[in-house]
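Accompanying notes for the structure given below.
The values are calculated or read from the model by the stated rules, or taken from the named source; none is laboratory data. Only a predicted model underlies this, so the values are computations on that prediction, with no experimental measurement involved. Cβ: placed from backbone, ideal geometry, glycine included. Neighbour counts: every protein chain shown.
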Amino acid sequence: MNTGKNKVNGSNVTLVRCAIYTRKSSEEGLEQEFNSLDAQRIAAEKYIQSQAGKGWVILPQHYDDGGFSGGNMDRPALQELLKDIELRKIDCVVTYKLDRLSRSLLDFATIMNVFDSNDVIFDTVTESFSSANSSGRLMLNMLLSFAQYERELTGERIRDKFLESKKKGMWMGGYPMLGYDIKDRKLLINEEEAKVVKFIYDRFIETESCTLIADELNRKGVRSKSRSHTNGRNKGEKLYDKKAIRRILENQYYRGYVTHKCEIYKGQHEAIIDEEKCLKVQEIFVKNKNTKHQKKSSPYPLKGLLKCGSCGATMSPTACNNHGLKYRYYTCSNHIRFKNCKSAVKNIPAEGIENKVMEEVLLKLKSPEVMLKIHELARENTVDEAQLQLSLRNLSETWKYLYPQEQSRIMKMLVNSIELHENGLNIQMNMDGFNSLLFGLGV
């Protein structure tokens, strides 16, 4: 044991520096003037004082973990304790009970390895053993085995009780979702918030777009549900995005059910949305999932090329459905993320801008710069220059008949970038793409 040459009152008794470690799994009651951690420390202090004849003295440093589980080692006070042991500041560690130090056999073995390698004794107030001798270490491991068994058994009981309560449709704690408040451990409808939930379901059935719904709510100043914590902090009151809207649309609680893992049970609370609307929403999700491959086969030709001229962000492909008709758009990515964008052109119909871009690209293909490029290609590849120009004219005539994948491929050959401004387009051509394009057209 690393005790140096310190003596007690000039006697031959060696000084043993004792650290007290306390832990409580939950934060409940820690705000009280005298809590569980204080009670553990007082008991440990009395125990150390009873060993004063052996040279035991109490170190002033507190190692208290309030609100931390004993099932792992992710505890700040424990890590500080182990660090001080490595620095040889501690000769003995005392806890109220064995399971205050750890409830895991593997973690306990790791901790004891640190203790043993630094000649540190481990002792408890309520169990009669000490790691200073072999019989104490044997008893230590036996007690810890029972401690881990007790922890696992308690966990199983809690999970079983939780499952049975869910099967009965009971609310089992946590923060209530938008549309509900908690009273007497039950979910009760919050009428004002329920109006927002109903609006989301109704608008989704009309538009089939979570993004548009989020945008509408944010523009109206509607924010996510505010949640008050026991520490006085408030969470929530955030902008909506499409993921938040989808979570609301897929939440089984709104149709009067509770969920547990992959199972659904009839709840004891009142539903906000009727079964018919919920069914329509799920049918839309299924339809969109089944037609996902169609979206892949119908790419947006300007995807990755079109940028917002105001903020420089990419104009991302978006779509919505209205009365059974699908409308495609390019939307500023910053606008989708609800970030600042000063441009008035944040959302533009896809077909219109695609046709406009193609018109301007075809005009640029007749520019002197492109004519010179065609002349160079014809001379380098011994091809008729008139034939190259004819291929470009044919491209403008056949463009609308090409598959979307081919339109996208050709556009990326011809164009480096496209900036969308309120007064027009700024197109940067890719002159190096003409060679591949023209000879890919069969010239």
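Do you know which residues across segment 60-95 are basic (Lys, Arg), touching a residue at least 60 places away in the same chain (Cβ under 8 Å) and in contact with a strand residue (DSSP E or B) (Cβ under 9 Å, 6 or more places away or on another chain)?
So the first thing to find is which residues in segment 60-95 are basic (Lys, Arg), and the list is 75, 83, 88-89.
Retained after the next criterion (residues that are touching a residue at least 60 places away in the same chain (Cβ under 8 Å)): 88-89.
Within segment 60-95, just Lys89 meets the criteria.
For Lys89, the stated conditions hold: it is among the basic types (Lys, Arg) and either at pLDDT below 85 or surrounded by 15 or more Cβ atoms within 10 Å (Cβ to Cβ) (or both). Taken over segment 104-138, the criterion of being surrounded by fewer than 18 Cβ atoms within 10 Å (Cβ to Cβ), modelled with pLDDT of 85 or more and among the β-branched types (Val, Ile, Thr) is satisfied by Val114, Thr126. Is at least one residue of segment 378-386 at pLDDT 70 or above and buried (at least 19 other Cβ atoms within 10 Å of the Cβ)? No.
Restricting attention to segment 254-275, which residues are assigned to a helix (DSSP H, G or I) and surrounded by fewer than 17 Cβ atoms within 10 Å (Cβ to Cβ)? Let's see the steps before the verdict.
Narrowing segment 254-275 to residues assigned to a helix (DSSP H, G or I): 254-255, 275.
Listed by number, the list holds a single entry, Glu275.
Looking at segment 286-294, is at least one residue assigned to a helix (DSSP H, G or I), in contact with a Lys or Arg (Cβ under 9 Å, 6 or more places away or on another chain), modelled with pLDDT under 80 and surrounded by fewer than 20 Cβ atoms within 10 Å (Cβ to Cβ)? Yes, the conditions are met somewhere in segment 286-294. Here Glu27 meets each of (1) within 18 Å of Thr126 (Cβ to Cβ); (2) touching a residue at least 40 places away in the same chain (Cβ under 8 Å); (3) acidic (Asp, Glu) with one exception, condition (1). Please verify whether segment 309-320 includes one or more residues that are modelled with pLDDT under 75, touching an Asp or Glu at 6+ places or on another chain (Cβ under 7 Å) and in the same structural domain as Leu402 (by TED's automatic domain parsing). Taking every residue of segment 309-320 in turn, none turns out to be modelled with pLDDT under 75, touching an Asp or Glu at 6+ places or on another chain (Cβ under 7 Å) and in the same structural domain as Leu402 (by TED's automatic domain parsing).
On the basis of being on the phi > 0 side of the Ramachandran plot and either at pLDDT below 85 or not in a loop (DSSP other than H, G, I, E, B) (or both), does Gly169 make the cut? Lay out the reasoning, then the answer.
Numbers: on the phi > 0 side of the Ramachandran plot: yes; either at pLDDT below 85 or not in a loop (DSSP other than H, G, I, E, B) (or both): yes.
Yes; evaluated as a whole, the condition is true for this residue.
Residues in segment 191-207 include none that are closer than 24 Å to Lys280 by Cβ and assigned to a loop (DSSP other than H, G, I, E, B). Quickly run through segment 322-361 and pick out the residues that are under 34 Å from the mean Cα position of the chain (by Cα) and among the polar types (S, T, N, Q). Result: Asn322, Thr331, Ser333, Asn334, Asn340, Ser343, Asn347.
In the set (1) in contact with a Ser or Thr (Cβ under 7 Å, 6 or more places away or on another chain); (2) closer than 18 Å to Asp64 by Cβ; (3) touching a residue at least 60 places away in the same chain (Cβ under 8 Å), Leu98 fails one condition alone, (3). Which one is farthest from the chain's Cα centre (by Cα), of the residues in segment 264-284 that are closer than 28 Å to Leu163 by Cβ and without any contact (Cβ under 8 Å) to a residue 12 or more places away in the chain? Once the filter is applied, the top-ranked residue is Leu279.
Quick check on this structure: which one of Leu178, Leu212, Leu217 is at pLDDT 85 or above, surrounded by 18 or more Cβ atoms within 10 Å (Cβ to Cβ) and in a loop (DSSP other than H, G, I, E, B)? Walk me through it before giving the result.
Values: Leu212 fails: in a loop (DSSP other than H, G, I, E, B); Leu217 fails: in a loop (DSSP other than H, G, I, E, B).
When all the criteria are applied, what remains is Leu178.
On the basis of being at pLDDT 85 or above and surrounded by fewer than 12 Cβ atoms within 10 Å (Cβ to Cβ), does Thr95 make the cut? Taking the combined requirement at face value, the residue does not satisfy it. Every condition in (1) of a type in the set (Asp, Glu); (2) under 30 Å from Gln32 (Cα atoms); (3) at pLDDT 90 or above holds for Asp184 except the one numbered (3).
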